[in-house]
Amino acid sequence: MNERIRELADQAGFDAVSLEVFNIEQDLKKFADLIIRECFQVVDDYAVGQASKPENYLGESLNVSMNIIDAAWKIKEHFGVEE
């Protein structure tokens, strides 16, 4: 499990013993992955919307969109979520 996800699990009240004894570490990882993927999709959809705004000009909307998409990928990378 990604160390940051483990830290968040600790903050949520899961301790290392309960994760191992009750074998919920895999379920917790899957749940965290699903949340991160959902967040990624929200940000990605927002970026696509920004790119299609007609009020932006000279490629500004595309530049903004690419920066937003880059941020979304950094979130996945930070938590170790693979495609």
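The figures follow:
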{"read-out": "Single unsatisfied condition, residue 55 versus (1) farther than 30 Å from residue 14 by Cβ; (2) modelled with pLDDT under 85; (3) part of a helix (DSSP H, G or I); (4) not basic (Lys, Arg)", "value": "(3)"}
{"read-out": "Verdict on residue 41 being modelled with pLDDT under 80, within 21 Å of the chain's Cα centre (by Cα), exposed (fewer than 12 other Cβ atoms within 10 Å of the Cβ) and not in a loop (DSSP other than H, G, I, E, B)", "value": "no"}
{"read-out": "Single match in 47, 71, 9, 32 (criterion: buried (at least 16 other Cβ atoms within 10 Å of the Cβ), in a helix (DSSP H, G or I) and at pLDDT 85 or above)", "value": "32"}
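The values are calculated or read from the model by the stated rules, or taken from the named source; none is laboratory data. These numbers were taken from a predicted model, which means no experiment stands behind them. Every residue, glycine as well, gets a Cβ built from its backbone with ideal geometry; the counts of neighbours run over all protein chains shown.
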